[in-house]
Each structure stands twice: as C-alpha cells, then as structure tokens.
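A.B. asks: Provided herewith is a single structure, encoded as structure tokens, for subsequent inquiry.
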Amino acid sequence: MLKLENVHKWFGSLHVLKGVSFDVSRGQVTVIIGRSGSGKSTILRCINGLEPIKEGRISVEGELVDAHSRHVHKIREKVGFVFQSFNLFPYYTALENVSLAPKIVKGLPPAEARAIAEQMLARVGLSDKLAAYPDKLSGGQQQRVAIARALAMSPDLMLFDEVTSALDPELVEEVLKVMQDLAEGGMTMIVVTHEMGFARRVGSRVLFFHEGQIAEQGPPEQIFTDPRNENLRTFIQSIL
C-alpha cells in the first residue's frame, strides 16, 4: 500500500531524514518510536504530502506523492491524518466538524454527509455528543472527534502523530482504545507514539528512528525484549 525509497528531507541546512526506506502492507499497523527530533513526525507529513521531500520516492497504492502537485489532494483523501492538536473548528458542533470535509471535499449531499458523520462518531463512542461544541468536550473526546473526522473521508491509510501526548493521563486510554479497535478492524495505520504498551500490544512492526534514520526495525516482541541497536536499548531503558 505504501512504499518509501531512500527519502531525504532538509529544513534549511538541517538534514532531518537521511535515506528512510520502508513499506507498509494493507492491514498492517506500523509503529514509529524514537526521541524528539529524530524525524518521526516529519516522515508522516511527507507521506501525506504536507512536506515536500528533497530526494527519494514515496508512493501510496502506486501513486507518487508529490507535495507540489495540484493533484496531491487525491492522495490526502486516501491518507487520513490525526494530529497531536485536535484542530477542531470551535464554532462547529462535533457533527458539523465531522461532516464538513465529506460535503466540501467530496461534494456529498448534506444528508449523506450527516449520515456518515453520525456513523463515524458512533464508531468512536460519541453518539451522545453530536450537538456538543469542542469547548464542552474533554481532550479525549475532542481527539476522538478528530479521529472520526479523518475516518469520514474513508481513507485507506491512517496516520497518527502523537495523538495522546497533549492529553491528561486519565484520558489517554479512551483514545488508544479507539485506535486499537480500528487496528483490529483491519485499518492500515502508521502510529508515532510514546505509548510503548500500545506499540507492543497493537503494532505489527516497530520502527525505531534515530537521527533521521531507521536504526532498527522488527516485530514488537523483538524490539522491546531483544533490542540489538545500542541507541534503541538506551531509549527503551529510559522510558520503561
């Protein structure tokens, strides 16, 4: 479904991604871990065409991702993105936030967009919050609305960028539960996270990013119980 080949990215003179290559098969949950500044969030933004790459290739279902192309929106319809910050429209209800993109981007009739939004909000456990505005929702509920909003576009691939890092600890689990349900339902996902329990429980494969490169990758059990890279061993010891 997704293929990255020798991807490089600079911000000015800062070389952020240094030849990153990996692929993702349909239904796979790829978890990316690593220290801040290792390139984890940048790779997600490149996959979605939010950041242009300098060298290499990224393709989604055989289509080349080109951030400068006027057709990049077609890639973004296939690739849902849930950010650390919820980015909900404050003056729209949960239902309006979720139904907006299907109406504007896909051109669906309002009734059809509403039906999809209701279905997606039910999927994340928020059927009772359709008329609620963001400031009346907890952080966990707002993040679940953001997930429903991405799902409303029927993406083939979902990207999650530290979606629990801005939440109070007691709200983290409700969002992780929604993500686990999506994974168990067969959604193809790439998840950047510091939630090692989630990574170990749900991930099909774990990639450890270090200084803009994949320093080690493998199944969760191997990564967490038998890390071979010294930087990975130090990282795991520091967070577990």
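The values are calculated or read from the model by the stated rules, or taken from the named source; none is laboratory data. This structure is a prediction, so every number in the text was calculated from the model and none was measured. Because the Cβ atoms are built from the backbone with ideal geometry, glycine has one as well, and the counts that use them run over all protein chains shown. All accessible areas refer to the heavy atoms of the entire protein, side chains included, with ligands and DNA or RNA removed. Shrake-Rupley method; radii C 1.70, N 1.55, O 1.52, S 1.80 Å.
A.B. asks: Among the residues that make up segment 127-136, is at least one of them within 18 Å of M179 (Cα to Cα), modelled with pLDDT of 95 or more and surrounded by fewer than 20 Cβ atoms within 10 Å (Cβ to Cβ)?
C.D. replies: Checking segment 127-136: at least one residue is within 18 Å of M179 (Cα to Cα), modelled with pLDDT of 95 or more and surrounded by fewer than 20 Cβ atoms within 10 Å (Cβ to Cβ).
A.B. asks: Which of the residues belonging to segment 183-215 are crowded, with 21+ Cβ neighbours inside 10 Å and without any contact (Cβ under 8 Å) to a residue 40 or more places away in the chain?
C.D. replies: Result: E195, single match.
A.B. asks: I'd like to know if segment 47-59 contains one or more residues that are in a loop (DSSP other than H, G, I, E, B) and either free of Cβ contacts under 8 Å to residues at least 12 places away in the same chain or acidic (D, E) (or both).
C.D. replies: Yes - at least one qualifying residue is present in segment 47-59.
A.B. asks: Within the set of pairs 6+ apart or on separate chains, which have a first residue in segment 70-95 that is closer than 14 Å to L151 by Cβ, a second that is charged (D, E, K, R), and C-beta atoms under 6 Å apart?
C.D. replies: The qualifying pairs are K78/D156; A94/K129.
A.B. asks: For segment 77-100, what are the residues that are outside any loop (DSSP other than H, G, I, E, B) and either under 19 Å from L137 (Cβ atoms) or not aliphatic (A, V, I, L, M) (or both)?
C.D. replies: Matches in segment 77-100: E77, K78, G80, F81, V82, A94, L95, E96, N97, V98, S99, L100.
A.B. asks: For segment 130-152, give me each residue that is basic (K, R) and either over 19 Å from V172 (Cβ atoms) or assigned to a loop (DSSP other than H, G, I, E, B) (or both).
C.D. replies: K136, R149
This table checks each residue for (1) among the aromatic types (F, W, Y); (2) closer than 30 Å to K136 by Cα; (3) open to solvent by less than 20 Å² (accessible area, probe 1.4 Å); (4) part of a loop (DSSP other than H, G, I, E, B).
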| site | (1), (2), (3), (4) |
| --- | --- |
| L4 | no, no, yes, no |
| K9 | no, no, yes, no |
| L17 | no, no, yes, no |
| D23 | no, no, no, no |
| R26 | no, no, no, yes |
| I32 | no, no, yes, no |
| D66 | no, no, no, yes |
| A111 | no, yes, no, no |
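A.B. asks: May I ask you to verify whether R228 is over 22 Å from V16 (Cα atoms), among the charged types (D, E, K, R) and loosely packed, with under 15 Cβ neighbours inside 10 Å?
C.D. replies: Taking the combined requirement at face value, the residue satisfies it.
A.B. asks: Checking the conditions here, which among F235, F198, F224, F209 is within 30 Å of S13 (Cβ to Cβ), among the aromatic types (F, W, Y) and outside any strand (DSSP E or B)?
C.D. replies: F235
A.B. asks: So, one more: Say we look at segment 158-182 and pick out the residues that are of a type in the set (A, V, I, L, M, F, W, C) and in a helix (DSSP H, G or I); which of these is most open to solvent (accessible area, probe 1.4 Å)?
C.D. replies: Per the criteria, the residue is L171.
A.B. asks: Can you name the condition, by its number, that K40 falls short on among (1) at pLDDT below 95; (2) among the basic types (K, R); (3) surrounded by 15 or more Cβ atoms within 10 Å (Cβ to Cβ)?
C.D. replies: The single condition K40 does not satisfy is (1).
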